[in-house]
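The values are calculated or read from the model by the stated rules, or taken from the named source; none is laboratory data. Every value quoted in this text rests on a predicted model; they were computed, and no experiment measured them. Counting neighbours? That spans all protein chains shown, and the Cβs are built from the backbone with ideal geometry, glycine included. For the accessible areas, the whole protein counts, side chains as well, though only heavy atoms, and no ligand, DNA or RNA atoms are used. Shrake-Rupley method; radii C 1.70, N 1.55, O 1.52, S 1.80 Å.
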Amino acid sequence: MNITFTDKAIVKVQEKYGKDSSLYLKLKYDTDGCGCVVSGVTTLWIVDEKESDDVTIETNFVPVLVEKTKQVFLDDNMTIDYNESAYAFMLKCPSQILNPRMSFIDKTKEAL
């Protein structure tokens, strides 16, 4: 799996993520409230711990955690961009837009 961040996305992530190297960026395939596992939506999370099912994907920016069991729902080559007119992150691949308004959520213990 290959994940690339655009320059706009890097700037926006840095604004929210800061430079705290003890935190992780996670691409979460979230199924909560979606009805079933195949009806999930991708979101970006800031987390302070890896989970046992997480794998680390190297990117052109920072490593990104992805749940191993949810990789089947993601493409091999994805880009994380930032849409300034929508004030939202966007996840896309060469053939489609996977999520045009991807949420960015702080899931650290401090935020909860």
Q.
I'm checking my understanding of the structure. Among residues of the range 75-90 that are open to solvent by less than 80 Å² (accessible area, probe 1.4 Å) and acidic (Asp, Glu), which one is farthest from TRP45 (Cα to Cα)?
A. ASP75
Q) Residues in the range 1-19 that are open to solvent by 70 Å² or more (accessible area, probe 1.4 Å) and part of a loop (DSSP other than H, G, I, E, B): how many? A) 2
Q. In the list LEU98, LEU112, which residue meets the criterion of being open to solvent by 50 Å² or more (accessible area, probe 1.4 Å), part of a strand (DSSP E or B) and either modelled with pLDDT of 95 or more or aliphatic (A, V, I, L, M) (or both)?
A. LEU98
(Q) With the structure loaded, tell me whether ASN77 is touching a Cys at 6+ places or on another chain (Cβ under 7 Å) and over 18 Å from LYS28 (Cβ atoms) or whether it fails that test. (A) yes
Q: Scan the range 64-74 residue by residue and report those that are modelled with pLDDT of 90 or more and open to solvent by 80 Å² or more (accessible area, probe 1.4 Å).
A: LYS68
Q) In the range 63-91, what residues are among the hydrophobic types (A, V, I, L, M, F, W, C) and either assigned to a loop (DSSP other than H, G, I, E, B) or under 25 Å from SER21 (Cβ atoms) (or both)? A) VAL64, LEU65, VAL66, LEU74, MET78, ILE80, ALA86, PHE89, LEU91
